[in-house]
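Report on the structure given below.
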């Protein structure tokens, strides 16, 4: 289950979930891909985590923008138009009776396809792209929101884009996994990762913000994924008149902050109460609480479209 922002409540209904694989719905226990699939062999693919609110996939256009841009960067064809993929997502929700209520999360995964042999060259790929839509009944653990997150700054950096571009939401997440392992071994919920210059970049699976003297700060975004929820929060701050800055800042700025929080599609905004053993706040601060309310309202507006 984990203890971080992605900690969730177990749900027995997931045992009977149907998974969409290349146009076929299969019981979860039988939902498999080839051992020669590019994603399994090499992490060669892109993915999105999608949150369903009142039967509506929140901010789907932004997620699909990122997915299709990622596939274009990796130079492979998803094989479905945006409308066709949207239809497949909605069909999968309907097949699982997930078109109402809350607590549904979708993992949308697309790989280059199956290879003739386990080798990295894209030219040995012999099938169209593999597309998987995995829906789950998956509600965030409310205990995490109540107690807040503990972060630990790890040695694993968010690297330069000429090594592996952090803006690409690829299946290759080994640097994030190594960061997560180090943070877990240190007794934290999630890792805080620095950029190559020593400035704060992001967390291993969420984006990171601090609050200083009523201002909201987050990284420049140069060394992290273009987070959908991150972008929404920045927009909410601008609309509500809350000063927000995308800038370089150091751990000294973090340790002296009045509030801190993470953002992500799964759990939304989650307060951070400790970083590297320093107490940032006792639970939610006033700015985090206000932004959580604004975000909930934004989600409700999105679901009513």
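The values are calculated or read from the model by the stated rules, or taken from the named source; none is laboratory data. Keep in mind that this is a model prediction, so the values were computed, not measured. Please note: Cβ atoms are built from the backbone with ideal geometry, for glycine as well, and neighbour counts cover all protein chains shown.
Listing for the model above:
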read-out: Subset of the stretch 255-289 that is in a helix (DSSP H, G or I) and within 22 Å of the chain's Cα centre (by Cα) - its residue that is surrounded by the most Cβ atoms within 10 Å (Cβ to Cβ); value: 288
read-out: Filtered residues of the stretch 141-156 (kept if closer than 20 Å to residue 260 by Cβ and surrounded by fewer than 18 Cβ atoms within 10 Å (Cβ to Cβ)); value: 142, 143, 146, 147
read-out: Scan of the stretch 204-232 for residues that are in a strand (DSSP E or B) and touching a helix residue (DSSP H, G or I) at 6+ places or on another chain (Cβ under 6 Å), ordered by number; value: 207, 210, 211, 216
read-out: Odd one out for residue 81, checked against (1) under 17 Å from residue 107 (Cα atoms); (2) out of contact with any strand residue (DSSP E or B) (no Cβ under 9 Å at 6 or more places or on another chain); value: (1)
read-out: Counted residues, the stretch 6-21 - those being over 26 Å from residue 174 (Cα atoms) and either assigned to a loop (DSSP other than H, G, I, E, B) or out of contact with any strand residue (DSSP E or B) (no Cβ under 6 Å at 6 or more places or on another chain) (or both); value: 5
read-out: Count of the stretch 110-142 residues which are touching a helix residue (DSSP H, G or I) at 6+ places or on another chain (Cβ under 7 Å) and part of a loop (DSSP other than H, G, I, E, B); value: 6
read-out: Contacts under 8 angstrom Cβ, first residue in the stretch 175-190 being assigned by TED's automatic domain parsing to the domain that holds residue 270, partner surrounded by 15 or more Cβ atoms within 10 Å (Cβ to Cβ) and in a helix (DSSP H, G or I), 6 or more apart; value: 189/144; 189/183; 190/180; 190/183
read-out: Which listed residue is in contact with a helix residue (DSSP H, G or I) (Cβ under 6 Å, 6 or more places away or on another chain), in a helix (DSSP H, G or I) and either more than 13 Å from residue 45 (Cα to Cα) or touching a residue at least 24 places away in the same chain (Cβ under 8 Å) (or both), from 93, 85, 64; value: 64
read-out: Top-ranked residue in the stretch 171-182 [being outside any loop (DSSP other than H, G, I, E, B) and touching a strand residue (DSSP E or B) at 6+ places or on another chain (Cβ under 6 Å); ranked as surrounded by the fewest Cβ atoms within 10 Å (Cβ to Cβ)]; value: 180
read-out: Answer from 107, 100 - the residue that is more than 21 Å from the chain's Cα centre (by Cα) and either over 30 Å from residue 195 (Cβ atoms) or part of a strand (DSSP E or B) (or both); value: 100
read-out: Number of positions in the stretch 1-42 that are within 30 Å of residue 274 (Cβ to Cβ), surrounded by 18 or more Cβ atoms within 10 Å (Cβ to Cβ) and in contact with a helix residue (DSSP H, G or I) (Cβ under 8 Å, 6 or more places away or on another chain); value: 3
read-out: Selection count, the stretch 203-246, where residues are surrounded by fewer than 18 Cβ atoms within 10 Å (Cβ to Cβ), in contact with a strand residue (DSSP E or B) (Cβ under 6 Å, 6 or more places away or on another chain) and over 20 Å from residue 290 (Cβ atoms); value: 1
read-out: When residues of the stretch 155-170 are limited to those that are assigned to a loop (DSSP other than H, G, I, E, B) and more than 19 Å from the chain's Cα centre (by Cα), the one farthest from residue 284 (Cα to Cα); value: 160
read-out: Test: residue in the stretch 276-283 that is over 30 Å from residue 68 (Cβ atoms), out of contact with any helix residue (DSSP H, G or I) (no Cβ under 9 Å at 6 or more places or on another chain) and touching a residue at least 24 places away in the same chain (Cβ under 8 Å); value: no
